[in-house]
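Novice: Sharing a structure below in structure tokens format, with a few things to ask.
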Amino acid sequence: MARDLQTELGRAAEFLAAARKIVVLTGAGVSKESGIPTFRDAQTGLWAQYDPQKLATTEGFLRDPSLVWRWYDFRRKMIRDVKPNAGHFALAELEKMFSEFKLLTQNIDGLHRAAGSIQMVELHGSIDRFKCFDKGHPAEDIPFELEEPPLCACGSLIRPDIVWFGEALDGRNLQESFRCAEAADVFIVVGTSALVYPAASFPAVASDHGAKVIECNMEETAISDIADVFLQGPSGITLPKLVALLN
Ligand code: BV8
């Protein structure tokens, strides 16, 4: 039986009022109201014919470096022109209310940092950071509108500093994320279909270690069955309502 939003918000606020350690996992849904299509939204225009999961791979990049480079350039330009939304700001507010808080984001758009979140892990990297393909040398001041990936001084192609499908996440980030999930009193999952691993395993790790799980989404997902509370609706609406109950 779907409980109404008000009831669920009250239950979520009760769990948070009794909690000390809060962990939040976000996905593309938290940036939707900023105007960024989610990872599984249909791609538009030139990119409609491509599958993101094929482009966001080392094979895809090596097969056609220019195509993948231009796809990220298109996304980086889109992200440059958008702002954090009320959901991002609510999470930055929530962080100030708890001495032990960690935000784990799958997003590469940098909007949580722009909204003021500090204690956070960018699990899949950032579209605004670049490195060389062969040696990981950092690359600065990469212009927009390039047709091809520029070359590193070492001669290697430059690529976005993000985690592609089939690539391992940063070991330290992964260790930190599992440690936080295991220790969490409350684990909030916002705007993710919970299909991409290892991030999708964090809510179950938290729940298995006794955390209360609060899910904020438009619809049920792969982890809704382990959620103690389901806040249905856009996170730009539900998260500010939740934070207002804690003030
Ligand atoms: C790894 C950067 C191993 C790139 C991304 C079979 C089974 C299990 C796992 C695998 C498998 N086959 C392959 C794997 C591994 C694979 C994986 O999980 N694949 C899935 C698809 C099955 N994982 C990996 O490859 C990872 N690496 O496993 O390495 C390894 C170990 C050692 C050595 C070598 C290798 C790496 C995964 C990282 C991939 N990179 N991003 C880029 O962005 O271009 S992931 C990509 O998907 C984005 O980061 C995105 O955030 C992420 C997850 O998607 P979501 O964020 O959930 O977005 P989605 O569109 O799916 O959902 C949006 C949700 O929001 C929806 O639920 C919607 O209802 C909701 N929503 C919409 N509007 C709103 C809203 N909610 C609230 N408010 C709204 N307004």
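Novice: Describe numerically, in nm with one decimal, the distance between label points set 7 Å from Cα along Cα→Cβ at ARG3 and at PHE74.
Specialist: Simple spin-label model gives 4.3 nm for this pair.
Novice: State the dimensionless ratio Rg/Rh of the chain (Rg: radius of gyration of Cα atoms; Rh: Kirkwood radius).
Specialist: We get a ratio of 0.99 for the chain.
Novice: Now, a different point. Give me GLU215, GLU167, GLU140 sorted ascending by neighbouring Cβ count inside 10 Å, so fewest comes first.
Specialist: So the ranking, lowest neighbour count to highest, is GLU140, GLU167, GLU215.
Novice: May I pose another question? Can you compute the modelled spin-label distance between GLN53 and GLU219, with each label point 7 Å from Cα toward Cβ, in nm?
Specialist: Those two pseudo-labels are separated by 1.6 nm.
Novice: Oh, and also: Relative to the present Cα-Cα distance, how much length would full extension add between ALA183 and CYS154 at 0.36 nm per residue of separation?
Specialist: Extra length from ALA183 to CYS154 when fully extended: 6.2 nm.
Novice: Spelling out what I want: for every residue of the stretch 132-145, take phi, set θ = phi - 60°, compute 6.51 cos²θ - 1.76 cosθ + 1.60 (Karplus), and round to whole Hz; glycine and proline get x.
Specialist: Result, ordered by residue: 8, 5, 7, 10, x, 4, x, 10, 9, 6, 7, x, 7, 6 Hz.
Novice: Let me ask you something else. Counting only DSSP beta bridges with both residues in the chain, tell me the antiparallel percent, nearest 5.
Specialist: Percentage antiparallel, nearest 5: 25.
Novice: How tilted is helix 5-17 with respect to the longest principal axis of the chain? Cα atoms for both, answer in degrees (0 to 90, nearest 10).
Specialist: 90
Novice: Starting from the Kirkwood radius over alpha-carbon pairs of the stretch 125-185, derive D by Stokes-Einstein at 37 °C in a medium of 0.692 mPa s and give it in µm² s⁻¹.
Specialist: Diffusion coefficient, whole number: 245 µm²/s.
Novice: Rounded, prolate or oblate: which one fits the stretch 77-140, using the alpha carbon gyration tensor with axes a ≥ b ≥ c (rounded when a/c is under 1.5, else prolate when a/b beats b/c, else oblate)?
Specialist: oblate
Novice: Looking at the stretch 1-139, I'd like the Rg to Rh ratio, where Rg is from alpha-carbon atoms and Rh is Kirkwood's inverse mean 1/r.
Specialist: Answer for the stretch 1-139: 1.04.
Novice: Contact order normalised by length for the stretch 131-181, with contacts defined as Cα pairs under 8 Å and 6 or more residues apart; what percent is it?
Specialist: That works out to 33 percent.
Novice: Also, I was wondering about something else. Could you sort 185-192, 31-38 so that the peptide with the highest average Cβ count within 10 Å comes first and the rest follow in order?
Specialist: Packing proxy ranking, top to bottom: 185-192, 31-38.
Novice: With everything on Cα atoms, drop me the angle between helix 65-80 and the longest principal axis of the chain, reported from 0 to 90° to the nearest 10.
Specialist: 40
Novice: Sequence gap at least 6, Cα distance under 8 Å: using those rules, report the relative contact order of the chain to the nearest whole percent.
Specialist: So the answer I get is 25 percent.
Novice: What's the ranking of 40-49, 96-105 by average number of surrounding C-beta atoms within 10 Å, highest first?
Specialist: 96-105, 40-49
Novice: Something else: Quick one: putting +1 on the C-beta of Lys and Arg, -1 on the C-beta of Asp and Glu, what dipole do you get for the stretch 95-247 around its Cα centre, in Debye to the nearest 20?
Specialist: My answer is approximately 380 debye.
Quick note: the coordinates plus some simple rules give every number you see, no bench work behind them. Because the structure is a prediction, the values reported are computed rather than measured. Every residue, glycine among them, receives a Cβ derived from its backbone with ideal geometry; neighbour counts consider all protein chains shown.
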